[in-house]
1. Is there any pair linking a residue in region 25-53 that is touching a residue at least 12 places away in the same chain (Cβ under 8 Å) to one that is aromatic (F, W, Y) and not in a strand (DSSP E or B), with Cβ under 7 Å and at least six apart or on different chains, and which?
2. Please determine, by comparing only the residues of region 17-45 that are among the hydroxyl-bearing types (S, T, Y) and not in a loop (DSSP other than H, G, I, E, B), which one is nearest to K61 (Cα to Cα).
3. How about region 1-49: which of its residues are among the charged types (D, E, K, R), surrounded by 13 or more Cβ atoms within 10 Å (Cβ to Cβ) and in contact with a Lys or Arg (Cβ under 7 Å, 6 or more places away or on another chain)?
Amino acid sequence: MHRTETIDYGIVPFGEIVFILDDTELTVKAGDVIVQCGTIHAWTNRSGQTCRLAFVLIDGKYEERFPRYDSGVICGDRMRRFGLGPRM
């Protein structure tokens, strides 16, 4: 798992992949978009098929007063948001 000081937009144009957070896993498929801000995360392809991802990363900086940020996933026409809250 890793964390970056960026706002990330991950676009899945083809296939499917599992997006892993501390206590959540979500399978994202073609047409889905992940938006994350400084979360600890990982990716794994469990499908046995090729998956393509496109990322747009926007430079950012961690703020100590915001120890952990939220992520969201746009799945087709719906939005899921992960309210992760502060890390203890």
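1. Partner pairs satisfying both residue conditions: C37/Y69; G38/Y62; G38/Y69; T39/Y69.
2. Among those residues, the one meeting the criterion is T44.
3. E16
Rule-based calculations on the coordinates, nothing more; no lab input. What you see is a predicted model, and the numbers here were worked out from it, not measured in a lab. Note that each Cβ is placed from the backbone with ideal geometry, even for glycine, and that neighbours are counted across all protein chains shown.
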